[in-house]
Amino acid sequence: MKNARNNELSDRRAASADAKTSLLNAYRAAKTAAEPAKMARQAERTAIVSAREERRVERERLKHEERVRVETQAAEQRAAAESEALAETEAREGAEKARIARVIEDEAARKAERDRRYANRKARQA
């Protein structure tokens, strides 16, 4: 026989109440025993979150520095390209002006030679 004594309703209710109180006491004991571990886990999570936030801030700072560096480098390259184009344009214009000056000098020399020949011919005729 499993249960030899006669269980009345009041006995079963009392046993049920005792079981509930013992479960509640066991839960409270486990909760107070786990409190330091819970606090340690919470502190660990807080540390992890703050470390993650610091890493995010550092990544953003590095990205910003890289973006500024790239923009600065691009601006320098643009300025160098513009100055190079300006220098090339000025050199081309200088070469064109020199060529025009040589053409004008050559033409003046040709005219002077023609005038000299003309003057010599007139001198011989007179």
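With respect to residue 96, is the statement that it is within 35 Å of the chain's Cα centre (by Cα) and part of a helix (DSSP H, G or I) true? The answer is no for residue 96. A search for C-beta distances below 6 Å between a residue of the stretch 2-21 that is outside any loop (DSSP other than H, G, I, E, B) and any residue that is modelled with pLDDT under 90 and open to solvent by 90 Å² or more (accessible area, probe 1.4 Å), counting only pairs 6+ apart in sequence or on different chains, returns nothing. So, residue 53, is that one of a type in the set (D, E, K, R) and modelled with pLDDT under 95 or not? Against the criterion (of a type in the set (D, E, K, R) and modelled with pLDDT under 95), residue 53 does not qualify.
The values are calculated or read from the model by the stated rules, or taken from the named source; none is laboratory data. Predicted, not measured: the structure shown is a model, and the values here were computed from it. Ideal geometry is used to build each Cβ from the backbone, glycine not excepted, and the neighbour counts take in all protein chains shown. Surface accessibility is based on the protein's heavy atoms, side chains included, excluding ligands, DNA and RNA. Shrake-Rupley method; radii C 1.70, N 1.55, O 1.52, S 1.80 Å.
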